[in-house]
Amino acid sequence: MGSYDRKLMLETHGIIMAAAFGVCPILGIFIARYFRFFSHWFSLHVWIMLGLFPLLTIVGLTLVEIILPEGQSRFFATTRGTIGTIAALVLLPLQLFIGLIAKRIHIWDIIHQSVGVSLVVVGLYALYLVFWNVQRICLCVLWMAHFLCSFVCRI
């Protein structure tokens, strides 16, 4: 694989993971919180959180496997990699599992919401580290504003 192909795949990985962790969970939370008047809000929430979010995450992780040469650490070589791995391989499956068993039992709903917020925070922090490392300060500021607005709306 040439260096151009590797760079393109790395950028594609970044775009896919930014969509997965920067858009899907916030959109899913927003729908669950503010669109309950819409008759199909739950189906849309489930489609985003059980379909699109995991699919994008799997594609992004697969690209990492393809990009990196054999023997190079894929997930724990950097702080961002470690945080992203925790988000993708621990918090996301936990969130999906809890969401499936919550079934309107109040304590499970609280746990589901708490893990969901944790997933958003960890995912956005991983994205922040990416933007910081490539010195795109403007994007860092936009993501932090996006992060703050999403949680201010929640209060």
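For the stretch 1-120, what % of the accessible area comes from carbon and sulfur atoms, probe 1.4 Å?
Numbers: 5160 of 7180 Å².
Looking at the stretch 1-120 in its full context, I get 72 percent from C and S.
Solvent-accessible area per residue for the stretch 1-110 at a 1.4 Å probe radius, Å²? Mind dumping the intermediate values first?
Details: 6810 Å² over 110 residues.
The answer is 62 Å² per residue.
How far is it, in nm, from the label point at Val121 to the one at Phe97 when both lie 7 Å from their Cα along the line to the Cβ?
About 2.1 nm, to one decimal.
Distance between Cα centroids, the stretch 1-77 to the stretch 78-117: provide it in whole Å.
15
The values are calculated or read from the model by the stated rules, or taken from the named source; none is laboratory data. Just so we're clear, the structure is a prediction, and the values are computed from it rather than from any experiment. Every residue, glycine among them, receives a Cβ derived from its backbone with ideal geometry; neighbour counts consider all protein chains shown. These accessible areas exclude ligands, DNA and RNA; they are computed on the full protein's heavy atoms, side chains included. Shrake-Rupley method; radii C 1.70, N 1.55, O 1.52, S 1.80 Å.
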